[in-house]
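Q: The structure is given below, and queries will be raised subsequently.
Please treat every number below as a calculation from the coordinates, not as lab data. Worth saying up front: this structure is predicted, and the values here are computed from it rather than measured. Neighbour counts are summed over all protein chains in view; Cβ atoms, including those assigned to glycine, are modelled from backbone coordinates with ideal geometry.
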Ligand SMILES: [Zn+2]
């Protein structure tokens, strides 16, 4: 029998129809404003142009991978990248590769010669790395608080939940419009990169790209095949991959940054193994609820997380109800780059609270933070950090360094993604947040890291920079 032909990878058409009318004034699309290292910027490459430089003078900043506080610093941004950093009292490293040429006088000279461009006096500002929301589903932005009753599956299960019904009955333009709202909302609260589990196959990817057209935020889009297997298919380890489906997967991966699998309970071992052969980022939900953990055991006799490892995932999401054995299995996996925890979403869904400290200790993994479904939790990383810090402290009845929480929202997430973001250091992409040190809620600022983690709000953010350009607010 002849195999059915594979679909061609032609680009899908733009979404038509009327989007919500709310159109706040924002900077132009990220795709048009930076020639920096490619990071999930979908669309045509920008045309070559004259290098653009900006010197941010007299700022306080959290520098390098340790987020060390520098009370007074000059930061030179060239073509969307942190080029040089000149400190007063600060003597630590500011990049991963070369920490040798600071405080030697030469840096100051180079800065002096390079500042034929714009100079901004940032006195009174604390500059921190742009926040990274490491796990979202902005596709359900239309369903905010549509149901507060029922189980997790009743609300957001990709097949049986309220979510797919809401999505099915909303016109694509409406979905796109509310996804755009979420992107703008994240930007205003300091998020400069987000990692989205994008359901709906290639059409879903087309929608998020449409939403991002004029919002200068970085996106990492993890697409998903619009195919979920039944319990019987999983028990019998049936492969879903026909030649047509393989072709569709190839096309899907061509259009996004990797795959975001809903979970082991919707995929057979064979399917997970098949996905493990894909070359881009691989991420999967795991052990989010007690029900999902027990369903896996009932169906297959194996734990959900152990089954998820068949994907050879780079990123695990949740692990809220992972057992000690699960955490041990993850610790032994060489592929995993990090775990994303979502404490507010888990709490909102009455799932419990992830024991972040134990997950980190027992797996040895890099930990990042995500806000998960917009339907159940606002995509606000400032509130996510606050909640994570308080719950970590309360669960272990011991002080937790807020720097470690801020790292989860910046440094760790960048490292997990393998992207030059999340750190203010030489050679990193110039994504940062300018916070007013003297704002009502922050002054006097005795501990900058604590101030960011649990006192900073949208109103204390002066501006947000993405790729060296002001994406929100005004620096001066
Ligand atoms: Zn999720």
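Q: Grab the Cα-Cα distance for residue 447 and residue 244, subtract it from 0.36 nm times how many residues apart they are, and report the gain in nm with one decimal.
A: My answer for the length gained is 67.4 nm.
Q: Let me make sure I get this right: for region 411-453, a, b and c are the square roots of the gyration tensor eigenvalues over alpha carbons, sorted descending. Under 1.5 in a/c it's rounded, otherwise prolate if a/b > b/c, else oblate. Which is it? All intermediate terms of the calculation are to be shown ahead of the outcome.
A: Numbers: a/c = 3.44, a/b = 2.33, b/c = 1.48.
In terms of gyration-tensor shape, prolate.
Q: Okay, moving on. Got a sec? How would 242, 410, 371 order by Cβ neighbour count within 10 Å, fewest to most?
A: On the way: 242 12, 410 33, 371 27.
The fewest-first ordering by Cβ neighbours comes to 242, 371, 410.
Q: Based on other C-beta atoms within 10 Å, arrange 407, 144, 426 from fewest to most.
A: Listed from fewest to most nearby Cβ atoms, that is 144, 426, 407.
Q: Also, I was wondering about something else. Stokes-Einstein at 37 °C, 0.692 mPa s, Kirkwood radius from Cα pairs: D for region 307-427 in µm² s⁻¹?
A: Roughly 222 µm²/s, to the nearest whole number.
Q: Here's a follow-up. For a quick protection proxy, order the peptides 258-266, 291-299 by their average other-Cβ count within 10 Å, most packed first.
A: For the peptides 258-266, 291-299, the packing ranking is 258-266, 291-299.
Q: Assuming 0.36 nm per residue, please report the length gained on full extension of the stretch residue 203 to residue 331 beyond their Cα-Cα distance.
A: So the extension gain works out to 42.5 nm.
Q: According to a simple spin-label model (label point 7 Å from Cα along Cα-to-Cβ), what is the distance in nm between residue 227 and residue 298?
A: About 2.6 nm separates the two model spin labels.
Q: Could you quote the convex hull projected area for region 162-254, Cα atoms only and averaged over all directions, in nm²?
A: Details: hull surface 29.9 nm².
Averaged projected area of region 162-254's Cα convex hull equals 7.5 nm².
Q: Within the P(r) computed for region 253-387, what percentage of the Cα pairs occupies the region above 26 Å?
A: The share of Cα pairs beyond 26 Å in region 253-387 comes to 18 percent.
Q: With the alpha-carbon atoms as the only input, what is the per residue convex hull volume for region 132-416 in Å³?
A: Per-residue hull volume (Cα only) is 117 Å³.
Q: Per residue, how big is the convex hull around the C-alpha atoms of region 228-298? Give it to me in cubic angstrom, could you?
A: 84 Å³
Q: Could you sort the peptides 168-179, 342-353 by per-residue average Cβ neighbour count (10 Å cutoff), highest mean leading?
A: Numbers: 168-179: 18.7, 342-353: 20.8.
Packing proxy ranking, top to bottom: 342-353, 168-179.
Q: Order the peptides 221-227, 384-390 from the highest to the lowest mean number of other Cβ atoms within 10 Å of their residues.
A: 384-390, 221-227
Q: Suppose R0 equals 51 Å; then what is the FRET efficiency for residue 394 and residue 213 from their Cβ-Cβ distance, rounded to the nearest 0.05? Each step should come with its number before you reach the end.
A: Values: r = 42 Å, r/R0 = 0.82.
Given R0 = 51 Å and the Cβ-Cβ separation, E is 0.75.
Q: Take 437, 163 and order them by how many other Cβ atoms sit within 10 Å, fewest up front. Don't skip to the answer; put the middle values down first.
A: Working: 437 18, 163 25.
Least to most surrounded, the residues fall as 437, 163.
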